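What follows is a structure written as structure tokens; I'll ask about it next.
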Amino acid sequence: AEAHDVQGPKMAEVSGGWFTLGSHLHENPRFREALRKYEESERRDKELKEQVGEETFEAIQAQLQKGNPKRQKPVPLDGGLEADVAKVGSFLIDTTCVTIGDFRRFVRDTKYKTEAEKFGWSFVFESTLSKDNLREADAPDGLGRVKQTPWWVAVRGAYWRRPEGKGSTIKGRNGEPVVQVSYNDAKAYCRWAGKRLPTEAEWEYAARGGLDDAPYPWGHSPYGEDGAPMMNGWNHTDLPSTQPQPDGYIGPAPADAYEPNGFGLYNMVGNVWEWVEGGTSEKRIMRGGSFVDTLDGKVNHLLRVTTRQEQTPDSGAHNTGFRCAMDPPTKNKKTTTTTTKKKKKKKKAKRASKQEL
């Protein structure tokens, strides 16, 4: 991949091609059995609804679901799409996530306010919080925690300049990924930088680094030759924890930490989730997982090049970032050259016809 210097992180030009998009975990027998049971339950519900009518059916469901979570369609541990063959054209993509330093320049130039700033709060990982912020969040008048994942704490005053809430700072952290940014914030930055978000297919093709069907950007093992993890994920058995991680990071690592993949791209798996283009107006797509996702999938998402989830476009958190993409400039040059040549030929033809007259 050829490197390019543009606004924000350096970009690498990636030649497109055919590849396997999505996760082979859909073929796992346990997952397929869970999916079969879910589909069978959905079929029975549909038949019951037709027999008793919608109103009676809803009343029955309300009684059955008391104290029980609503039945959810199963997804594989990585949240990935079902594997299929796909093709992408050539494109440019940032070699790292957009950093705090990059985002600072954008805000300084545009005076942009992120959605977390407007809301006045955002989610922060418990292990990185100060005692004061944690105490305030857990107080009776505090914003509390996510019920299913209590290590995510709603913190007043958390946004990209104060990633861990009041008292935190970005001083000395310019090389870290900017976090606490929503899909809408990422789009605003891309417009300013003259770039765009990568499509989901472009992102996964880039993450694979030229390898097809390998679970990681560098191959088949999450560990290097020294036995250390090659990505920033959660390696402890307990979550949360204030104990140092084996990789040295409890929160986000620098955007260029660890070794790049075959395309020269850093941290395509782990560290922070990355917004991509696609989804719907209600649900947008994030790829790659983050520092709280795991190598075995026992907690949160399983870290793979296929790791995926969807969130509302206005949501951001302590583990949410993005990188940008662009169409190759060579295509534009060829198009411009071809168009100019055509115009010149037309002008010559007009002159010739006038001379004949």
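The values are calculated or read from the model by the stated rules, or taken from the named source; none is laboratory data. No experiment lies behind these values; they were computed from the predicted model shown. Cβ coordinates were reconstructed from backbone atoms using ideal geometry, including for glycine residues, and neighbour counts include every protein chain displayed. Note: accessible area is taken over every heavy atom of the protein model, side chains too, but ligands, DNA and RNA are not part of it. Shrake-Rupley method; radii C 1.70, N 1.55, O 1.52, S 1.80 Å.
Just need a number here: residues in the stretch 118-127 that are buried (at least 20 other Cβ atoms within 10 Å of the Cβ) and within 13 Å of residue 166 (Cα to Cα).
Within the stretch 118-127, residues that are buried (at least 20 other Cβ atoms within 10 Å of the Cβ) and within 13 Å of residue 166 (Cα to Cα) number 3.
Give the residues of the stretch 276-318 that are surrounded by 17 or more Cβ atoms within 10 Å (Cβ to Cβ) and among the basic types (Lys, Arg), sorted by residue number.
Those that are surrounded by 17 or more Cβ atoms within 10 Å (Cβ to Cβ) and among the basic types (Lys, Arg): 284, 287, 304, 308.
If residue 201 meets every condition in (1) among the aliphatic types (A, V, I, L, M); (2) in a loop (DSSP other than H, G, I, E, B); (3) within 15 Å of the chain's Cα centre (by Cα) apart from one, which number is that one?
(2)
Then there's this: Could you say whether any residue in the stretch 234-249 is out of contact with any helix residue (DSSP H, G or I) (no Cβ under 6 Å at 6 or more places or on another chain), in a loop (DSSP other than H, G, I, E, B) and either within 24 Å of residue 284 (Cα to Cα) or modelled with pLDDT of 95 or more (or both)?
No.
Sticking with this structure for a sec: Looking at the stretch 231-238, is at least one residue farther than 25 Å from residue 326 by Cβ, touching a Ser or Thr at 6+ places or on another chain (Cβ under 7 Å), without any contact (Cβ under 8 Å) to a residue 40 or more places away in the chain and surrounded by fewer than 19 Cβ atoms within 10 Å (Cβ to Cβ)?
There is no residue in the stretch 231-238 that is farther than 25 Å from residue 326 by Cβ, touching a Ser or Thr at 6+ places or on another chain (Cβ under 7 Å), without any contact (Cβ under 8 Å) to a residue 40 or more places away in the chain and surrounded by fewer than 19 Cβ atoms within 10 Å (Cβ to Cβ).
Let me ask something else. From the list 174, 184, which residue is of a type outside the set (Lys, Arg) and within 18 Å of the chain's Cα centre (by Cα)?
184
How many of the residues making up the stretch 264-275 are among the small types (Gly, Ala, Ser) and open to solvent by less than 10 Å² (accessible area, probe 1.4 Å)?
Our first condition is that a residue be among the small types (Gly, Ala, Ser); within the stretch 264-275, this holds for 264, 270.
The next check asks that each one be open to solvent by less than 10 Å² (accessible area, probe 1.4 Å); those that pass are 270.
Result for the stretch 264-275: 1.
Of 15, 90, which residue is open to solvent by 30 Å² or more (accessible area, probe 1.4 Å), under 30 Å from residue 204 (Cα atoms), in contact with a helix residue (DSSP H, G or I) (Cβ under 9 Å, 6 or more places away or on another chain) and hydroxyl-bearing (Ser, Thr, Tyr)?
90
Check off (1) open to solvent by less than 100 Å² (accessible area, probe 1.4 Å); (2) within 21 Å of residue 293 (Cβ to Cβ) for residue 75 and give me the number that stays unchecked.
Going through (1) open to solvent by less than 100 Å² (accessible area, probe 1.4 Å); (2) within 21 Å of residue 293 (Cβ to Cβ) one by one, residue 75 breaks only (1).
If a residue must be of a type in the set (Ser, Thr, Tyr) and outside any loop (DSSP other than H, G, I, E, B), how many such residues does the stretch 299-322 contain?
Number of matching residues: 1.
Counting just the residues of the stretch 319-332 that are open to solvent by 30 Å² or more (accessible area, probe 1.4 Å) and of a type in the set (D, E, K, R), which one comes out farthest from residue 101 (Cα to Cα)?
Only one residue fits best here, namely 331.
With 299, 272 as the choices, which residue is in contact (Cβ under 8 Å) with a residue 12 or more places away in the chain, out of contact with any Gly (no Cβ under 9 Å at 6 or more places or on another chain) and not aromatic (Phe, Trp, Tyr)?
Only one candidate passes the filter, namely 299.
Of the residues 51, 7, 63, which is touching a residue at least 40 places away in the same chain (Cβ under 8 Å), over 25 Å from residue 289 (Cβ atoms) and not in a strand (DSSP E or B)?
Result of the check over 51, 7, 63: 7.
Could you tell me whether the stretch 22-44 includes any residue that is in contact (Cβ under 8 Å) with a residue 12 or more places away in the chain, surrounded by 14 or more Cβ atoms within 10 Å (Cβ to Cβ) and either among the β-branched types (Val, Ile, Thr) or closer than 28 Å to residue 11 by Cα (or both)?
yes
Can you tell me which residue within the stretch 129-167, out of those that are in contact (Cβ under 8 Å) with a residue 40 or more places away in the chain and in a loop (DSSP other than H, G, I, E, B), is surrounded by the fewest Cβ atoms within 10 Å (Cβ to Cβ)?
Restricting to residues being in contact (Cβ under 8 Å) with a residue 40 or more places away in the chain and in a loop (DSSP other than H, G, I, E, B), the top hit is 149.
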